[in-house]
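Since the structure comes first, as structure tokens, the remarks are kept for the end.
The values are calculated or read from the model by the stated rules, or taken from the named source; none is laboratory data. Note that the structure is a prediction, hence the values are computed from the model and not measured. Neighbour counts run over all protein chains shown; Cβ positions are idealised from the backbone, glycine included. Quick note on the areas: whole protein, heavy atoms, side chains included, nothing else; ligands and nucleic acids left out. Shrake-Rupley method; radii C 1.70, N 1.55, O 1.52, S 1.80 Å.
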Amino acid sequence: MGLAACEPKEASLKASKFRVLIFVRLIAFTLFVIWRISHRNPDALWLWVTSIAGEFWFGFSWLLDQLPKLNPINRVPDLAVLRQRFDRADGTSRLPGLDIFVTTADPFKEPILSTANSVLSILAADYPVERNTCYLSDDSGMLLTYEAMAEAAKFATVWVPFCRKHGIEPRGPESYFELKSHPYMGRSQEDFVNDRRRVRKEYDEFKARINGLEHDIKQRSDAHNAARGLKDGQPRATWMADGTQWEGTWVEPAENHRKGDHAGIVQVLVNHPSHSRQLGPPASADNPLDFSMVDVRLPMLVYVSREKRPGFNHEKKAGAMNALTRCSAVLTNSPFILNLDCDHYINNSQALRAGICFMLGRDSDTVAFVQFPQRFEGVDPTDLYANHNRIFFDGTLRALDGMQGPIYVGTGCLFRRVTLYGFDPPRINVGGPCFPSLGGMFAKARYEKPGLEMTTKAAVAKGKHGFLPLPRKAYGKSEAFVDSIPRASHPSPFAAAAAVVADEATISEAVAVTTAAYEKKTGWGSNIGWVYGTVTEDVVTGYRMHIKGWRSRYCSIYPHAFIGTAPINLTERLYQVLRWSTGSLEIFFSRNNPLFGSTFLHPLQRVAYINITTYPFTAIFLIFYTTVPALSFVTGHFIVQRPTTMFYVYLAIVLGTLLILAVLEVKWAGVTVFEWFRNGQFWMTASCSAYLAAVCQVLVKVVFRRDISFKLTSKQPAGDEKKDPYADLYVVRWTWLMVTPIIIILVNIVGSAVAFAKVVDGEWTHWLKVAGGVFFNFWVLFHLYPFAKGILGRHGKTPVVVLVWWAFTFVITAVLYINIPHIHGPGGKHAHGGAMGRHAHHHAGNNKFQEIYGWP
């Protein structure tokens with residue numbers, strides 16, 4: 001009996017239609033391009049050549065996007081079977097251990113209350129308590145984060161039993177108490193109401209303590225420093241509540257105590273629980289909450305701040321994840337790892353079990369990771385900047401499940417630990433369910449997982465490294481860490497978990513493996529762990545696993561597994577996309593280019609990776625297609641000079657099949673037409689700004705060997721959330737990324753106005769000759785409408801304002817053209833020579849993969 005099943009859901013019929021339409025459109029596009037090549041425009045040869053190049057690219061990028069979707073599959077975890085196989089009648093479980101990594105870098109840009117809610121939701125998740133450990137990585141090294149986690153651990157003693165007693169969903173307290181209705185799932189309505197009222201009071205007090213921590217820490221530190229009689233100029237330490245100096249970053253930075261220069265810290269905030277259930281106390285005068293029938297144990301919680309020193313490249317998030325991997329191996333060494341951003345909380349308490357289903361089911365030992373879709377709250381109802389990105393998550397990633405599996409896209413991903421250590425899969429079949437025969441064709445060898453009977457001496461005699469796929473020195477100098485690797489590769493990861501002893505020696509070893517110099521002359525960041533050298537370490541790390549022959553799975557459940565926050569401010573959103581697109585291009589120009597990946601990579605999986613690493617190049621051609629047609633009204637030279645009947649036929653087939661394909665994909669992915677269109681709108685904005693900037697930055701990096709730096713995306717709203725939860729949407733923060741879209745808007749308005757003026761002035765006598773071009777100009781403006789609302793700030797709340805500004809610019813341009821003689825020559829009508837060509841364009845697609853074609 002399997003733990004995950006594929007939903008048929010007419011999938012084969014839809015896939016057949018999808019494949020036929022792709023084939024028909026490919027033929028029509030080929031004929032279209034042949035017609036374009038054979039019908040030159042001698043009056044503007046440069047225009048003809050560049051437009052042909054653009055059409056080739058748009059067709060190629062469309063094909064890269066569609067080919068990996070030839071075999072879409074919906075996989076559903078079977079939680080009932082999982083419970084039947086692994087949960088015992090006495091309340092214990094045989095489920096494997098799970099280490100959950102939460103990463104944060106700045107408690108001011110990433111609200112500390114959000115991080116605390118993420119940790120609380122993890123502690124309250126429905127997973128065996130003794131097999132669930134939460135690690136918080138704090139790259140800022142600030143006492144504020146540590147004490148916030150200590151407060152969260154105290155509140156968890158109330159919140160977690162409350163969730164277990166009443167089946168609370170979601171498990172993040174902030175989101176739960178914001179719900180308008182609270183469906184009851186426990187035993188007694190009155191008991192629930194009283195408990196909820198009490199826990200709500202506790203949570204409000206917890207929030208007040210969190211919000212006051214910064215002031216309390218400063219006040220406490222000032223008192224300690226004053227008592228020591230420090231003189232001016234002497235370092236002023238930051239003090240913990242127990243009267244000891246904080247080893248990390250101080251409030252007033254000093255040598256060895258500032259960001260980028262502080263000691264490593266590992267603190268166990270909640271010790272590893274016992275293996276037997278521990279019931280709570282009954283209700284009393286001091287404690288009105290009755291937990292006498294509830295297991296009150298808490299999962300282990302560990303605070304980690306890796307050492308940072310000047311002169312070392314700490315590799316941002318990827319370095320933090322690798323440090324957590326080593327630290328967790330020394331402490332708990334669970335066979336599976338889940339990583340979450342600090343703004344993501346567990347929305348569905350069954351999420352961890354759902355992911356594990358894909359790791360323990362039939363033929364699952366070749367699955368390297370399980371990727372969950374990213375879901376967001378706090379996004380404006382119209383999703384102005386396509387933050388939900390449903391087309392990518394529910395369309396592209398889900399479709400890849402029919403090949404080798406979805407790509408790794410950061411947060412919400414469950415890993416098999418040994419895949420991070422460079423292990424090969426026990427066997428390889430790159431063909432997948434779509435093309436199983438490709439496994440034998442492309443796989444050069446089949447690997448077998450090492451058995452426990454292998455001794456180190458026997459393995460060395462065979463020329464191997466014991467249980468290790470790489471030499472011991474590649475993993476670093478910690479013997480304790482290296483010795484933990486064979487245990488993580490145990491063929492039965494759900495065997496009984498050993499008790500975790502977090503004594504002084506173990507903690508010291510955990511600190512040692514997080515030092516700044518530990519990775520020097522090792523394989524970390526190249527062959528082991530998260531890969532360095534790009535800001536999108538997630539994509540390239542998953543790619544390195546796929547080229548070894550590992551597979552991945554896509555897990556989408558309802559209610560959604562994890563929910564996070566997204567930047568709804570235009571500037572922050574553009575910087576976020578700039579970071580993603582720059583990272584994709586960095587992969588393309590590195591040794592991890594998917595063009596040169598191993599033959600263990602499924603052919604269509606390779607196509608998907610080529611797509612994800614080349615899509616920003618679309619900006620180069622899109623800038624041309626969104627400006628030159630409008631300028632053609634001024635110059636009189638057009639892309640297509642004299643279209644024929646066959647041109648219209650080919651174009652109609654190309655556009656018609658494109659729309660039908662979009663409808664099929666939207667229907668299969670379960671998204672709305674509005675979401676599909678909104679994705680297309682933001683794709684236009686991103687292509688004209690962030691994608692173009694990414695291309696320029698990466699080319700500068702490649703040519704001049706200059707590093708690219710990025711600022712952390714702020715999740716702290718700048719507006720007044722109390723009065724308007726979407727206030728940050730209307731805050732204007734000007735950036736150079738906005739320049740190109742503004743120019744494109746002005747060019748298209750001016751081009752349309754000039755065309756209108758030429759017809760009114762009698763220079764052009766037929767409206768039909770310019771209708772197609774004017775329609776395309778307005779099509780471009782319509783796609784940039786969300787961007788125009790964004791740059792107007794609070795005035796953008798009223799959509800009419802945007803239209804008024806566009807109309808005003810249009811009318812002024814037309815009037816100036818007609819009334820200034822030297823622009824168009826005296827007397828209204830005048831010859832520009834020859835018949836006027838016609839043109840237009842079409843664009844369709846999703847957030848990252850689009851297409852544009854000319855029409856007359």
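Okay, here's what the table says:
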quantity	calculated
Count - residues of segment 689-710 that are in contact (Cβ under 8 Å) with a residue 12 or more places away in the chain and under 25 Å from Leu570 (Cα atoms)	11
Failed item in (1) of a type outside the set (Ser, Thr, Tyr); (2) open to solvent by 10 Å² or more (accessible area, probe 1.4 Å); (3) touching a residue at least 60 places away in the same chain (Cβ under 8 Å); (4) closer than 30 Å to Ser489 by Cβ, with Asp87 passing the rest	(3)
Subset of segment 224-243 [surrounded by fewer than 11 Cβ atoms within 10 Å (Cβ to Cβ) and either in contact with a Gly (Cβ under 9 Å, 6 or more places away or on another chain) or outside any loop (DSSP other than H, G, I, E, B) (or both)]	Ala226, Ala227
Among residues of segment 296-333, those that are closer than 19 Å to His275 by Cα and open to solvent by less than 10 Å² (accessible area, probe 1.4 Å), counted	4
Single residue of segment 280-295 satisfying the filter (in contact with a helix residue (DSSP H, G or I) (Cβ under 8 Å, 6 or more places away or on another chain) and among the hydrophobic types (A, V, I, L, M, F, W, C)) that is surrounded by the fewest Cβ atoms within 10 Å (Cβ to Cβ)	Met293
Residue match in segment 264-275 (condition: farther than 30 Å from Phe312 by Cβ, in contact with a helix residue (DSSP H, G or I) (Cβ under 9 Å, 6 or more places away or on another chain), open to solvent by 30 Å² or more (accessible area, probe 1.4 Å) and of a type in the set (S, T, N, Q))	yes
Hits in segment 665-679 (condition: in contact with a helix residue (DSSP H, G or I) (Cβ under 7 Å, 6 or more places away or on another chain) and open to solvent by less than 40 Å² (accessible area, probe 1.4 Å))	Glu665, Val666, Trp668, Ala669, Val671, Asn679
Candidates Val780, Val747, Val774 - the one that is surrounded by 21 or more Cβ atoms within 10 Å (Cβ to Cβ) and at pLDDT 85 or above	Val780
Criterion: at pLDDT 95 or above, among the hydrophobic types (A, V, I, L, M, F, W, C), open to solvent by 10 Å² or more (accessible area, probe 1.4 Å) and within 30 Å of Ser51 (Cβ to Cβ) - qualifying residue of Ile610, Ile620	Ile610
Lone qualifier among Gly549, Gly564 - being in contact with a His (Cβ under 8 Å, 6 or more places away or on another chain), under 29 Å from Arg398 (Cβ atoms) and touching a residue at least 24 places away in the same chain (Cβ under 8 Å)	Gly564
Selection count, segment 36-53, where residues are under 12 Å from Phe624 (Cα atoms), in contact (Cβ under 8 Å) with a residue 40 or more places away in the chain and among the aliphatic types (A, V, I, L, M)	2
Residue tally, condition modelled with pLDDT under 70 and open to solvent by 80 Å² or more (accessible area, probe 1.4 Å), over segment 1-31	6
Residue tally, condition assigned to a loop (DSSP other than H, G, I, E, B) and within 18 Å of Ala153 (Cα to Cα), over segment 249-286	6
Breaking point among (1) within 28 Å of Ser93 (Cβ to Cβ); (2) assigned to a helix (DSSP H, G or I), for Arg606	(1)
Only listed residue being modelled with pLDDT of 90 or more, open to solvent by 40 Å² or more (accessible area, probe 1.4 Å) and under 25 Å from the mean Cα position of the chain (by Cα), chosen from Leu67, Leu79, Leu98	Leu67
Selection count, segment 337-371, where residues are among the aromatic types (Phe, Trp, Tyr) and modelled with pLDDT of 95 or more	2
Lone unmet requirement of (1) closer than 30 Å to Arg326 by Cα; (2) at pLDDT 95 or above; (3) assigned to a helix (DSSP H, G or I) for Glu130	(2)
Among the candidates Asp341, Asp365, Asp383, residue that is under 20 Å from Asn132 (Cα atoms) and open to solvent by 10 Å² or more (accessible area, probe 1.4 Å)	Asp341
Residue check, Gly405 of a type in the set (Gly, Ala, Ser), outside any strand (DSSP E or B) and modelled with pLDDT of 90 or more	yes
Residue that is free of Cβ contacts under 8 Å to residues at least 24 places away in the same chain and either within 17 Å of Gln278 (Cβ to Cβ) or in contact with a helix residue (DSSP H, G or I) (Cβ under 9 Å, 6 or more places away or on another chain) (or both), where the choices are Arg171, Arg131, Arg164, Arg200	Arg200
Whichever residue in segment 540-562 is β-branched (Val, Ile, Thr) and surrounded by fewer than 23 Cβ atoms within 10 Å (Cβ to Cβ) and, among such residues, is farthest from the chain's Cα centre (by Cα)	Ile547
Unique match (being of a type in the set (Gly, Ala, Ser), modelled with pLDDT under 95 and under 30 Å from Thr515 (Cα atoms)) among Gly186, Gly280, Gly243, Gly229	Gly243
Filtered residues of segment 623-637 (kept if among the hydrophobic types (A, V, I, L, M, F, W, C), at pLDDT below 85 and open to solvent by 10 Å² or more (accessible area, probe 1.4 Å))	Val628, Leu631, Val634
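Condition check ((1) over 27 Å from Pro559 (Cβ atoms); (2) not hydroxyl-bearing (Ser, Thr, Tyr)) across all residues:
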site: Phe58; (1), (2): yes, yes
site: Ser61; (1), (2): yes, no
site: Leu67; (1), (2): yes, yes
site: Ile73; (1), (2): no, yes
site: Asp78; (1), (2): no, yes
site: Arg83; (1), (2): no, yes
site: Asp87; (1), (2): no, yes
site: Asp90; (1), (2): yes, yes
site: Gly97; (1), (2): no, yes
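Okay, residues lined up against (1) over 27 Å from Leu213 (Cβ atoms); (2) in a strand (DSSP E or B):
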| residue | (1), (2) |
| --- | --- |
| Gly59 | yes, no |
| Leu63 | yes, no |
| Leu67 | yes, no |
| Asn71 | yes, no |
| Ala80 | yes, no |
| Arg83 | yes, no |
| Ile100 | no, yes |
| Asp106 | no, no |
| Lys109 | no, no |
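So that you can scan it fast, the table gives a plain yes or no per residue for (1) open to solvent by 60 Å² or more (accessible area, probe 1.4 Å); (2) more than 23 Å from Val531 (Cβ to Cβ); (3) modelled with pLDDT of 70 or more:
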site	(1), (2), (3)
Leu414	no, no, yes
Thr419	no, no, yes
Val430	no, no, no
Tyr447	yes, no, no
Leu452	yes, yes, no
Ala474	no, no, yes
